[in-house]
Amino acid sequence: MTTAGERSGRSSVLNHPRMATGVDQVLHALRARRPRRRPELPGEPRWRPGFVAGDVGGPRLRLQEFGYATHELNRGHGTVDETALVGPVQILTPEGLDCLGEVCDRLEGSAGTARFITTRRVRSADLMSAFINNMIRDRGFLLACSRMAGVPLIPHPLRIPTVQINYFEADGRRDIVKWHHDGMDYVLTIQLNGYEDYDGGRFSYFQGRADAFTGARADDPRIKEAPCGERGATLFLHGSRIFHAVSPVTRGRRVTVVVSFFCPYFARQDSNTFWHLAADDGIAATVPNWLRLKWPVRDPAMDFSLRAGSPVITWEDLSG
Ligand SMILES: [Fe+2]
């Protein structure tokens, strides 16, 4: 089905359509089915804390460089939540990458297709793989991600979208991945292949406000490509405020692992909308997750970490 948003996107921007919005999201939510859980992978590699690379400093862009005013951004603990894009960096060691790649290869048989957003994917990968579950709940991994973002981060308490594995292949489709911004605020993407493995598959973003994207054209100088050609290249993106897209893969295979995080201190400002989530997961699966997100807490760092099964990460930990 082609939506109005897709049609307008196709004619104006880089020949990539845009994802469904508004009424289309509600229709997708009514059709979406609760994702099925799969048994864990027997004999998969074991996660080790030493798989987190020591220094993950990298190029950084601030949201103000995308046109956002400082007063529009979250503040806490004397910090402005202003990180727009960091990377590419190597967050895992080569051995850690090899193991993650093996896990993703073994999960590929569980991958399904999504109706409107991307190529084949596995959602809730942390519910299927002890390796991935332990990776995203490893204190060192979370601290590295939090320091990239500049705010304390834990795995998102909405369980279904927490880790997604995307499998891109040269299948002749021209409509993946559509221009979109994420429902999630803090998104980390780990590339398991380098440019030697595939053609196409370039990650583009619009260096402007999300509300300025409509009408941008393919030759708009604000459309940039992130240099993610190296295997293991990892990008942090403030996904809800930045329009981005991936061009179709025309040769070979590209696999990415996408982790969605949550800042317990900015829970009230979390950008997820019920219908954005329900369009992917179905209404029945979204209701309990939504309650888990919106139920009041006394101590944000402690209470949301318990809900997410995560170590506690505080503001003080960022500087430690
Ligand atoms: Fe995205």
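Please say if the stretch 226-320 is rounded, prolate or oblate, where rounded means a/c under 1.5 for a ≥ b ≥ c the square roots of the C-alpha gyration tensor eigenvalues, and otherwise the choice is prolate for a/b larger than b/c and oblate otherwise?
The shape class here is oblate.
Using mean Cβ contacts within 10 Å as the protection proxy, how do 297-305, 86-94 order, highest first?
Per-residue Cβ counts within 10 Å, averaged per peptide and sorted highest first, yield 86-94, 297-305.
Report the charge-dipole magnitude of the stretch 211-252 in Debye, nearest 20, computed about the Cα centre from +1 at each Lys and Arg Cβ and -1 at each Asp and Glu Cβ.
On the way: 6 positive and 5 negative charges, 21 e Å.
Roughly 100 debye for the stretch 211-252.
Sort largest first and round to whole Å: the equivalent ellipsoid semi-axes of the stretch 267-320, each the square root of five times a Cα gyration tensor eigenvalue.
After diagonalising the Cα gyration tensor, the semi-axes are 26, 12, 10 Å.
How much length would be gained if the chain were fully extended between residue 214 and residue 48, taking 0.36 nm per residue of separation minus their Cα-Cα distance, in nm to one decimal?
Result: 55.4 nm gained on full extension.
Along the principal axes of its C-alpha atoms, what lengths does the stretch 50-99 span, in descending order and rounded to whole Å?
The Cα atoms of the stretch 50-99 stretch 42, 23, 15 Å along their principal axes.
Report the residues of the stretch 201-216 in range of a label on residue 171: point 7 Å along Cα→C-beta, backbone N strictly under 18 Å from it.
Counting backbone N atoms under 18 Å from the label point, the list is 201-202.
For residue 130 and residue 62 in one chain, what is 0.36 nm times their gap in residues minus the Cα-Cα distance, to one decimal in nm?
21.1 nm
Provide the packing ranking of 186-199, 279-292, i.e. peptides ordered by the mean count of other C-beta atoms within 10 Å per residue, highest first.
Per-residue Cβ counts within 10 Å, averaged per peptide and sorted highest first, yield 186-199, 279-292.
Just to verify a number: FRET efficiency for residue 75 and residue 102, C-beta to C-beta distance, R0 = 25 Å, to 0.05?
0.05
Read the figures in this text as sums done on the coordinates, not as results from a lab. Note that the structure is a prediction, hence the values are computed from the model and not measured. Methodologically, a virtual Cβ is constructed for each residue, glycine included, from the backbone with ideal geometry; neighbour enumeration extends over all protein chains shown.
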